[in-house]
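As structure tokens, the structure follows; a few thoughts come after it.
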């Protein structure tokens, strides 16, 4: 089945995501950094309030749940797709539109 554009942390969307996702699919997470840093001020200030990170679904499965795993393209960490959705609250299947920069840039 085709992937939806956005999966939210709801029971129905979680089931849909686990059913629809295949190895090689790219998943995107948008992070809100506005509440963590003072925008545009100081050494670590940023002009933009959001960044995104990318995950690629791999063929590995989680040990007990057998859910698909996703690997971060920026740091190589491995996490199950269901955990990623629970932690981030929203997963996108299309690259973010607009002027949002990648977290590793």
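The values are calculated or read from the model by the stated rules, or taken from the named source; none is laboratory data. Note that the structure is predicted; figures quoted are calculated from it, not measured. Reconstructed Cβ throughout: ideal geometry from the backbone, glycine too, with neighbour counts over all protein chains shown.
Flag set for residue 46, criterion: more than 17 Å from the chain's Cα centre (by Cα) and at pLDDT below 95. Taking the listed residues 51, 58, the one that is more than 21 Å from residue 10 (Cβ to Cβ) and under 13 Å from the mean Cα position of the chain (by Cα) is 51, with no other qualifying. Selection within segment 51-73: residues that are in contact with a helix residue (DSSP H, G or I) (Cβ under 8 Å, 6 or more places away or on another chain) and assigned to a strand (DSSP E or B). The member of this set that is surrounded by the fewest Cβ atoms within 10 Å (Cβ to Cβ) is 57. Answer yes if at least one residue in segment 3-15 is surrounded by 14 or more Cβ atoms within 10 Å (Cβ to Cβ), more than 20 Å from residue 105 (Cβ to Cβ) and modelled with pLDDT under 90, and no otherwise. Looking for residues that are surrounded by 14 or more Cβ atoms within 10 Å (Cβ to Cβ), more than 20 Å from residue 105 (Cβ to Cβ) and modelled with pLDDT under 90, one finds at least one in segment 3-15, hence yes.
Residues that are free of Cβ contacts under 8 Å to residues at least 12 places away in the same chain and outside any loop (DSSP other than H, G, I, E, B) were ranked within segment 1-34; the one that is nearest to residue 57 (Cα to Cα) is 15. Scanning segment 74-105 for residues that are in a strand (DSSP E or B), touching a residue at least 40 places away in the same chain (Cβ under 8 Å) and over 18 Å from residue 4 (Cα atoms) yields 101, 102.
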